[in-house]
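Worksheet: the structure to be examined is printed underneath.
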Amino acid sequence: MDAVVGQVCIPGERLSSVELCQAGPGTYVRQGYVFASLAGLVAKDREKSSDLPLVSVKSKNKAQSVPEIGAIVTCKITQITSRFAKCHIIAVNNKTLSMPFRGMIRKENVRETDRDRVEIYKCFRPGDIALAKVLSLGDASCYLLTTAENELGVVVAHSDEGVALIPLSHNEMQCPKSFVKENRKVARPQSEHLAFPER
Amino acid sequence: MPTDSRRLPVPEVSHSPELFCSSDPTSLINDDSLRKDGRNPEEIAGIFMQCGTVSQAKGSSFCELHKTKVICSVYGPKDVEQKEDFQMIGKLKCDFKFAPFSCHKRRGHIADLEESELCEVLTQALSSSVCLHRYPKSQIEVYVIVLENNGSALAAAITAASLALADACIEQYDIVAAASVRVFGKENFLRDPTFHEEYFPHQLSKKNDFNNGVVTVALMPTLNQVCGVLSEGCMESSVLQEAIQTCTEEAQNLYAPLRKCLTSNLGDINV
Amino acid sequence: MAKAILGDSEKWFIVHGVQDDFRTDGRSCENYRHIELETGILSNTHGSARIRLGSSELLVGVKVELGTPKPQRINEGWLEFHVDCSPNAHPVFQGRGGKELSDNICSMLTRVYRNNTVMDLEALGVIPQKHCWVVHVDVLILECGGNLIDAASIAVKAALYNTGIPNISLTDGDEGEVEINLPDDPEDVKHLKTINCPVLVTLSKIGNRHIVDATDEEECCCSASLVMGVTRRGHTVGVRKMGGGSLDPESVTEMIDSGKKIGRQLHISLDKLLKIEAGMSEDIKQTGYL
Amino acid sequence: MSNSIVIRLPSKKRLNAQVPLSSNSFLITPGSVITEDADYMRGHGTYTNDDEEDHKLYASVAGVVERINKLVCVRALKTRYNGEVGDIVVGRIKEVQQKRWKVETNSRLDSVLHLSSVNLPGGELRRRSAADELTMREYLKEGDLISAEVQQVHTDGMLSLHTRSLKYGKLGQGCCVTVSPSLIKRRKNHVHNLSCGVTIILANNGYIWINSTAVDGTKTTGDGGFVVDTEPVQMDDREAICRVRNCILCLSRSSVMLYDTSVLYAYEASLQYQVKELLLDEIATEIVDQTLSLLERESSGNG
Amino acid sequence: MAGLELLSDQGYRIDGRKPDELRRIRCKLGVFTQADGSAYIEQGNTKVLAAIYGPREADQNMRNQICHDKCFLNCEYTQATFSTAERKHRSRGDRKGQDMSTHIKQTFEATIQTSLYPRSQIDIYLQVLQADGSNYCACINAASLALIDAGIAMKDYVCACSASLTKGKPVIDINHVEESSDCAELSVAILPKLGQIVYSELNGRLHANELPDVIDAVVRGCKDLFVVMDRTVREHLEETATTFTHS
């Protein structure tokens, strides 16, 4: 009864039992068995930490996830106050969203060090594109995000001239036209996060 | 030029002439025990299903059950509206609409009580199949429009909506298939009733047999769970139970075509 | 409409209680709470009833008016239902709040009364194609303590029983027109035949069992319920599954059986009370909220 | 017949056993003059006019006049809960906010429970980390019931609660009954282990928590009491809990003061009936009457 | 309505009352259990239920009304569909209902000691079950009783009564028939013990010289009403207080 890799399945189809595998994305567990929750093809990945393979269902590319705790999201800053920056989450784990989710980066979650001396306006400006990580589901209105990692922070920003700024250091960016330096919480992007969002 | 938008060039009240034709309900089945459209009572109607009909939606489907045509599109998951409370599970928002031209009678643009009731039934049937806990703080929108109503519209709508959800890659515990049966006398169960075979309250039942009504059941076929029941008309409870059983079987039979429809366009995925 | 909010452990307590057939207020799964009912309490209606079921309280007023028959049913009148949630019951019903709840109750009532076996609609006809009685049944929810649907249907049946339609007389007027005259005596009324009017029974699935007459706390633990209209003779007139959960096919069968049983019991008790009340003289009767 | 459904006409509500009041003089209604003597201090439920000439003290609520030395108060028979420091309350989590929970306690404003005022798993003296802030919903989430003590009353009347004692914290399986806060008699102890194996918390805010005494013992385990126990309650415990619940409802409907003795007397009086019979009005009144006469006998015996 | 004589030559009104006679008043406190306070009043055939919720934490969507030094009142007036002789479905928050809510709200803002309840909200909900004239007055009286039942601090009772003038004689507590004739209608709410008028509204036309007479009559009517209301409250207090103090 163990499903074969590459086999097609639709929601509700029984794939395997929990003794034989772990439930991955696109599956759910009920009464000791793993069922598919998406229509797609069955895939199995061997996890390093566990001897059981991870069963998942790969569906057509448009499967969209909602922001989960720990996910890396791309967001656009919309509003800043002295305590927090509000943003729209426009992509989750490199998958663009058709509709943005609301997010918020609190002052204490901007940097790893010197948390108390962070000033929001020196880190973000409305319109900036930043990478952030989901901390928690937050409250009714916003997801709670953090940029307190080297890899996270502003990746795209524009100067008053309308030119994209060039990162200088972890907290400065410069306009290539007017050579004005601006303060930002600059990300040191990792290649894996730089991939262009898939459509 | 200012015009009065409320003025429509039609009389305020008008009725379809068919209302005035005397319909003889006892003739649902003719002497050869065949129905008006030539089917046996137990014969199901042909069904056509297709995914991805609406290109702009996240997922969509089109379903045709005899002449009944239903189109469904799914959007989301997206952020809930600002005013709502924190919810650890997602919210399913459905909209069920008969197109103005879909029925014998012209339908208004604003949902009437029947539409809002069918919408509730649809929402409740789908919420038991969608893994809502996977979509915290989000909402999933399902829009169903009946383009032509030739009976069994609710059943077609539920099946189409579940198909569209699967097409939109929304996680579901199981597909939902729905079917309806017209009960006409104790032993006559007409499967997939057409518009003429739907239940109308003023139709007389057969002599000495008051069992007269229509039952729609939504089922999750692999889990064997009933996620929607709607009936109308008067029946003995044993007849009702039997009718539900018949619907369940019929919905079970829909599983194969549903699966075929969903798996037909999966070939291009790389595992 | 989820009103009561409960923590997980409270829910477990209720669920296990249902499992043991011993609910939080001591009832077993198929026990109904006591119902207090009185009719004829609103003097400006043609019929009225007030019901109190646990802490749920509803008021039903019936008014009959003359209307034009529907073109396809020229000899018949019809019933029109309307449900309103008073903000007195809960602040959430303020403004347009509570619409979902009232629509649900209203459509369920309409569903079970949309049936030629429950009421003789021809008795509501006055002059074919011209005039007929339209019976407006208005339900007002004044306090919510669970199981509003059942309570509403019981009160509706009682109010219809209480309803008196004026005995109008027809006289030939000028130019062949028929004139309608209202009787001088307000007591000169004919009563509706309510013998076949259904009641609604809600069976709520909690854990593996189903219960009747759930309180609002119990409703909060219930994911799926079956609402069914049951007539005095035990026939079902309209069934609907409510709630976002699903049910086993077998339990649907069981629920229909117990719904039928409970529905008949309700009818027996209700008819008995209505007879007693009708026989009572006005002055010993209670008056509304005093 | 026991299974048939009872439908009947409304019974004339006899509110209470009519115990004659010694004198009606201490009942007052709003706008009435309590005293014209300017020496009295105005307490709750009273007001004076700003007018220089007018030294009269008026009542602003309907209730009982109480005089403590020079302080005059009018105690309304039914109000929202007015918290005092040290009160024990039962409340329901309404919202999880940053670093604090909002708790519904039947007060005028929602109370707050700070993250720093609860015992988290892993010892009392643990520092609250940022991670705790993010996982607050795992400890207490919307709808959960807690017992707590009032730590502080703010000037606008908002209460701060704390649960930094093993007595308090998240409540497990059982049921909660809501009564008017004025029916809870102020006592030294509000948590009672009744002889029938039931523990009741007669919280000052009128929320009464009833659960089985046996279950209570497991709360001292290291998880801080935040884990939901899903084991079914034993049948006889359940029956006792439900009986106590119905008894309390009987008493509160007739506005009998609630404290351990009154609840216990009512419980004893109820034993001749099935639990579900207590829902009937006439049986409820009988139990109330019996309870009152027992209490009467006790007080006259002591006096 | 022209042929209708509101006051007969013998000095009796259509329903047989004398000009300065109130309709039968019956009232009760604490009719509901879930609300913080509730009351029911019958003035003749006008029947009103009132429910009070609060003082409580202000609703999320009423944030803009929160005051930091007092509470705000939220009032909603609804009429049951079957309340009038002719069945009429009123959508919530129609013009008439909104006006009525505003008037009731203003009346009580002058009476409730709002500064005792900072940042809170008090809901006053009024449900008319049967409307037969003087709806505003019945609502005020019902709400006043319900507020007392909820233990909310007020300066005094609020009692309201209506009056009109026919054949030069003031008539009080007017019913629906009198209301729908084209006489003037004066509604007044007073604080009976303090003797203050907190609200008055005149619909129609009265000669300035006649106004004092009408006001005198209506204030007397309010005071008569107060006697009945105060008696009800005291009875209610005695009933509850007996076992309440017993311990």
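The values are calculated or read from the model by the stated rules, or taken from the named source; none is laboratory data. Quick caveat, the model's predicted, so the values are computed rather than measured. Neighbour counts are summed over all protein chains in view; Cβ atoms, including those assigned to glycine, are modelled from backbone coordinates with ideal geometry.
Listed conditions (1) among the aliphatic types (A, V, I, L, M); (2) out of contact with any Pro (no Cβ under 9 Å at 6 or more places or on another chain); (3) modelled with pLDDT of 85 or more; (4) buried (at least 16 other Cβ atoms within 10 Å of the Cβ) are all met by D:LEU134, apart from (3). Here the strands (runs of 3 or more DSSP E) wholly within the stretch A:152-192 that include at least 1 residues being farther than 15 Å from A:ILE129 by Cβ are A:166-169, A:172-174, A:181-183. Within the stretch D:225-253, can you find the residues that are in contact with an Asp or Glu (Cβ under 9 Å, 6 or more places away or on another chain) and hydroxyl-bearing (Ser, Thr, Tyr)? If the condition is that a residue be in contact with an Asp or Glu (Cβ under 9 Å, 6 or more places away or on another chain) and hydroxyl-bearing (Ser, Thr, Tyr), then D:THR230 is the only one that fits. Inside the stretch B:133-157, residues that are out of contact with any Ser or Thr (no Cβ under 8 Å at 6 or more places or on another chain), part of a helix (DSSP H, G or I) and buried (at least 24 other Cβ atoms within 10 Å of the Cβ) make up a count of 1.
Could you go through the stretch C:110-131 and let me know if any residue there is closer than 18 Å to C:LYS157 by Cα, crowded, with 21+ Cβ neighbours inside 10 Å and within 14 Å of chain E (Cβ to nearest Cβ). Scanning the stretch C:110-131 turns up no residue that is closer than 18 Å to C:LYS157 by Cα, crowded, with 21+ Cβ neighbours inside 10 Å and within 14 Å of chain E (Cβ to nearest Cβ).
Summed over the stretch E:98-125, the residues that are within 14 Å of chain C (Cβ to nearest Cβ), touching a strand residue (DSSP E or B) at 6+ places or on another chain (Cβ under 7 Å) and either of a type in the set (Lys, Arg) or part of a helix (DSSP H, G or I) (or both) give a count of 4. Total residues in the stretch C:199-224 satisfying the condition of being of a type in the set (Gly, Ala, Ser) and at the interface with another protein chain (Cβ under 10 Å from one of its Cβ atoms): the figure is 2. Just one of the listed residues (E:GLU42, E:GLU21) is surrounded by 15 or more Cβ atoms within 10 Å (Cβ to Cβ) and either at positive phi or within 13 Å of chain C (Cβ to nearest Cβ) (or both), and it is E:GLU42. Just to be sure, is A:GLY103 at positive phi, more than 9 Å from chain B (Cβ to nearest Cβ) and of a type outside the set (Phe, Trp, Tyr)? No.
Out of everything in the stretch B:52-85 that is within 14 Å of chain A (Cβ to nearest Cβ) and polar (S, T, N, Q), what residue ends up being surrounded by the most Cβ atoms within 10 Å (Cβ to Cβ)?
Kept after step one, since they are within 14 Å of chain A (Cβ to nearest Cβ), are these residues of the stretch B:52-85: B:52, B:54-61, B:73-85.
Now restrict to residues that are polar (S, T, N, Q): B:55-56, B:60-61, B:73, B:82.
Details: B:SER55: 7, B:GLN56: 8, B:SER60: 23, B:SER61: 29, B:SER73: 25, B:GLN82: 8.
So, considering only residues that are within 14 Å of chain A (Cβ to nearest Cβ) and polar (S, T, N, Q), the one surrounded by the most Cβ atoms within 10 Å (Cβ to Cβ) is B:SER61.
Filtered by the rule that a residue be part of a strand (DSSP E or B), out of contact with any Ser or Thr (no Cβ under 7 Å at 6 or more places or on another chain) and more than 19 Å from D:GLN274 (Cα to Cα), the stretch C:26-58 gives C:GLU36, C:LEU37, C:GLU38, C:ARG50, C:ILE51, C:ARG52, C:LEU53, C:SER56, C:GLU57, C:LEU58. In summary, strands (runs of 3 or more DSSP E) completely within the stretch D:19-94 and bearing 2 or more residues that are modelled with pLDDT of 85 or more and buried (at least 23 other Cβ atoms within 10 Å of the Cβ) occur at D:57-59, D:71-76. For the stretch C:136-156, the criterion of being without any contact (Cβ under 8 Å) to a residue 40 or more places away in the chain, part of a strand (DSSP E or B) and closer than 18 Å to C:VAL189 by Cβ is met by none of the residues.
Just so you know, in the stretch A:165-180 the residues that are surrounded by fewer than 14 Cβ atoms within 10 Å (Cβ to Cβ) and closer than 23 Å to A:ARG111 by Cβ include one that is farthest from the chain's Cα centre (by Cα), and it is A:VAL180.
Please enumerate the residues belonging to the stretch E:24-39 that are among the aliphatic types (A, V, I, L, M) and more than 10 Å from every other protein chain (Cβ to nearest Cβ).
E:ILE25
E:HIS207 passes every criterion in (1) exposed (fewer than 15 other Cβ atoms within 10 Å of the Cβ); (2) within 14 Å of chain D (Cβ to nearest Cβ) apart from (2). So which pairs qualify, if the first residue must be in the stretch A:1-30 and surrounded by 15 or more Cβ atoms within 10 Å (Cβ to Cβ), the second must be assigned to a loop (DSSP other than H, G, I, E, B) and of a type in the set (S, T, N, Q), the Cβ gap must be under 7 Å, and the two must be at least 6 apart or on different chains? Within 7 Å, the pairs are A:PRO11/A:SER37; A:GLY12/B:THR222; A:GLU13/B:THR222; A:GLN22/A:SER50; A:GLY26/A:SER37; A:GLY26/A:SER59; A:THR27/A:SER37; A:TYR28/A:SER37.
The listed residues are C:ASN181, C:ASN167, and the only one of them that is surrounded by fewer than 14 Cβ atoms within 10 Å (Cβ to Cβ), at negative phi and touching a Lys or Arg at 6+ places or on another chain (Cβ under 8 Å) turns out to be C:ASN167.
Just one of the numbered conditions (1) surrounded by fewer than 16 Cβ atoms within 10 Å (Cβ to Cβ); (2) in a loop (DSSP other than H, G, I, E, B) is not true of D:GLN152: (2).
Of the residues B:ASP4, B:ASP85, B:ASP37, the single one that is part of a loop (DSSP other than H, G, I, E, B), more than 26 Å from the chain's Cα centre (by Cα) and modelled with pLDDT of 70 or more is B:ASP85.
Return the residue satisfying two criteria in turn: it lies in the stretch A:60-81 and is in a loop (DSSP other than H, G, I, E, B) and modelled with pLDDT of 80 or more, and of such residues it is nearest to the other protein chains (Cβ to nearest Cβ). Spell out how you get there, then give the answer.
Here is the first cut: in the stretch A:60-81, the residues in a loop (DSSP other than H, G, I, E, B) are A:60-71, A:81.
Now drop any that are not modelled with pLDDT of 80 or more, which leaves A:66-71, A:81.
Details: A:VAL66: 5, A:PRO67: 9, A:GLU68: 9, A:ILE69: 8, A:GLY70: 11, A:ALA71: 13, A:THR81: 15 Å.
Per the criteria, the residue is A:VAL66.
Looking at E:ALA39, E:ALA51, E:ALA58, just one residue is farther than 30 Å from E:VAL177 by Cα and among the small types (Gly, Ala, Ser), and that residue is E:ALA58. Scanning the stretch A:1-43 for residues that are among the acidic types (Asp, Glu) and more than 12 Å from every other protein chain (Cβ to nearest Cβ) yields A:ASP2, A:GLU19.
Of everything in the stretch A:45-59 that's within 12 Å of chain B (Cβ to nearest Cβ) and buried (at least 16 other Cβ atoms within 10 Å of the Cβ), which residue is modelled with the lowest pLDDT?
Going through the qualifying residues, I end up with A:SER59.
Please identify the pairs in which a residue from the stretch E:126-152 that is free of Cβ contacts under 8 Å to residues at least 60 places away in the same chain and more than 14 Å from chain D (Cβ to nearest Cβ) has its Cβ atom under 7 Å from the Cβ atom of a residue that is buried (at least 24 other Cβ atoms within 10 Å of the Cβ) and in a loop (DSSP other than H, G, I, E, B), counting only partners at least 6 apart or on another chain. Matching pairs, first to second residue: E:ILE140/E:VAL158.
The sole residue among C:LEU200, C:LEU226, C:LEU170 that is assigned to a strand (DSSP E or B), in contact with a helix residue (DSSP H, G or I) (Cβ under 7 Å, 6 or more places away or on another chain) and either in contact (Cβ under 8 Å) with a residue 40 or more places away in the chain or among the hydroxyl-bearing types (Ser, Thr, Tyr) (or both) is C:LEU200.
Would you be able to tell me the number of residues in the stretch C:104-143 that are modelled with pLDDT under 90 and either touching a Ser or Thr at 6+ places or on another chain (Cβ under 6 Å) or basic (Lys, Arg) (or both)? Residues in the stretch C:104-143 being modelled with pLDDT under 90 and either touching a Ser or Thr at 6+ places or on another chain (Cβ under 6 Å) or basic (Lys, Arg) (or both): 2 in total.
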